[in-house]
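Participant: Input: one structure, supplied below.
The values are calculated or read from the model by the stated rules, or taken from the named source; none is laboratory data. Worth saying up front: this structure is predicted, and the values here are computed from it rather than measured. No Cβ is skipped: glycine too gets one built from the backbone with ideal geometry, and neighbour counts run over all protein chains shown. For accessibility, only protein heavy atoms count, side chains too; no ligands or nucleic acids. Shrake-Rupley method; radii C 1.70, N 1.55, O 1.52, S 1.80 Å.
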Amino acid sequence: MASPITFAVVAAVALVALLGGGARAQDMDNEWARNRGFYGGTGGGVGGGLLPQSDVDLLEFPLNLEYLEAEFFCWSALGYGLDGIDASLTGGGPAPVGAQTAALTPFVRDIATQFCYQEVGHLRAIKQNVKGFPRPLLDISAANFGKIVETAMNTTLDPPFNPYENSLNFLLASYIIPYVGLTGYVGANPKLLTPQARKLVAGLLGVESAQDAVIRALLYEHGLSRVASYGVGVAELTAHISKLRNALGRKGVKDEGLVVAPGQGPEGQTVGNIIAGDRFSLAYDRTPEEILGVVYGSGDPAKAGGFFPQGADGRIARAFIA
């Protein structure tokens, strides 16, 4: 039988392990995580746990699109962007180029204002889970949007398209942006390894999809209306924009306008296409490589331009330029 002294020694060792060994055990857990490519979250997020580096990369990449959407919607609706709402969210990044207030009806301004603050919330949510990066240089000038529309229509417009000129132009410009982000979330979801990351992306995707649906519904109501003096209808212009994004993405059809050819609507039964989807009416997906090609306007993830004159940020985006 063990002596009382032996029991005392064992008890003492156990007590030390309980009281003083906790920190060491945590250190060992952290070391284990680092050795396996895991990243310690900032805490207070949608889970606050450890994330694998691949999840961190996939969560940081969409910050590029969220910055873009936040600045465009906030400036259009309020006349100021992130610097006027919460400068800490910018991380000290440069102010966007060409931002201005849009001439909107009270109804559309109300919608744009809601979109603005939704995007602010998205930035906060992502940055509670990963460190992120400063706001990249963004070009949301009328000239840049005008160039995109002219490229889509393969013509020179006179006067140039101006997204800030009226509510219809603003909605058409909005058609250009959120849809790209939501296809990115669809593409990222099956690649995520942790419930924490998947939950966050599901939440972001839900709201981004809703925004796109609102934009498409408002434009669908004006489907046959002419856009300024350009001699083209709203639905036709959305088809041109979607065709351009398909070309820049270089991965086939992942984008559709408000009206499609007979047999290409849901179950082949409609030409109306208020929500874009594949033959099963499921959302299309895009990879970061495809998204960069679209938002750069170059079709090449290694050739910056378009909305990101100096390129997007994050490990995924930088890898294409390095």
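Participant: For segment 133-143, does any single residue satisfy the condition of being over 20 Å from S229 (Cα atoms), small (G, A, S) and crowded, with 17+ Cβ neighbours inside 10 Å?
Facilitator: Yes.
Participant: Any residue in segment 118-132 that is of a type in the set (D, E) and within 24 Å of T183 (Cα to Cα)?
Facilitator: yes
Participant: Looking for something open to solvent by 30 Å² or more (accessible area, probe 1.4 Å) and small (G, A, S) - is there at least one such residue anywhere in segment 188-200?
Facilitator: So far as segment 188-200 goes, no, none of its residues is open to solvent by 30 Å² or more (accessible area, probe 1.4 Å) and small (G, A, S).
Participant: Which pairs do you get when a residue that is in a loop (DSSP other than H, G, I, E, B), found in segment 136-156, comes within reach of a residue that is of a type in the set (D, E) and buried (at least 20 other Cβ atoms within 10 Å of the Cβ), reach meaning Cβ atoms under 7 angstrom, with the pair 6+ apart or on two chains?
Facilitator: Pairs found: P136/D313; L138/E71; I140/E71.
Results for (1) under 17 Å from the mean Cα position of the chain (by Cα); (2) of a type outside the set (D, E), shown as yes or no for each residue.
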position: D57; (1), (2): yes, no
position: E60; (1), (2): yes, no
position: N64; (1), (2): yes, yes
position: C74; (1), (2): yes, yes
position: T105; (1), (2): no, yes
position: E119; (1), (2): yes, no
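Participant: What's the total number of residues in segment 297-322 that are open to solvent by less than 50 Å² (accessible area, probe 1.4 Å), out of contact with any Lys or Arg (no Cβ under 7 Å at 6 or more places or on another chain) and over 19 Å from L63 (Cα atoms)?
Facilitator: Number satisfying all stated conditions: 1.
Participant: Next up: Quick one: is A103 open to solvent by 10 Å² or more (accessible area, probe 1.4 Å), farther than 30 Å from P195 by Cβ and small (G, A, S)? Give the derivation first.
Facilitator: Numbers: open to solvent by 10 Å² or more (accessible area, probe 1.4 Å): yes; farther than 30 Å from P195 by Cβ: yes; small (G, A, S): yes.
For A103, the condition - open to solvent by 10 Å² or more (accessible area, probe 1.4 Å), farther than 30 Å from P195 by Cβ and small (G, A, S) - is met.
Participant: In segment 253-296, how many are open to solvent by 20 Å² or more (accessible area, probe 1.4 Å), touching a helix residue (DSSP H, G or I) at 6+ places or on another chain (Cβ under 9 Å), among the polar types (S, T, N, Q) and farther than 30 Å from R318 by Cα?
Facilitator: Looking only at that region, the number is 1.
Participant: Here's a follow-up. Counting only residues that are modelled with pLDDT of 95 or more and either closer than 26 Å to V294 by Cβ or among the aromatic types (F, W, Y) (or both), give me the helices (runs of 4 or more DSSP H) lying completely in segment 25-130 with at least 2 of them.
Facilitator: Correct list: 53-60, 63-78, 106-127.
Participant: On to the next question. Residues in segment 72-87 that are of a type outside the set (S, T, Y) and either surrounded by fewer than 22 Cβ atoms within 10 Å (Cβ to Cβ) or over 12 Å from A112 (Cβ atoms) (or both): how many?
Facilitator: Selection size over segment 72-87: 9.
Participant: Something else now. Residues in segment 237-252 that are modelled with pLDDT of 95 or more and open to solvent by 50 Å² or more (accessible area, probe 1.4 Å): how many?
Facilitator: Summing the residues that are modelled with pLDDT of 95 or more and open to solvent by 50 Å² or more (accessible area, probe 1.4 Å) in segment 237-252 gives 3.
Participant: Got a sec? Which helices (runs of 4 or more DSSP H) wholly within segment 187-302 have at least 3 residues that are free of Cβ contacts under 8 Å to residues at least 60 places away in the same chain and farther than 30 Å from V120 by Cβ?
Facilitator: 234-249
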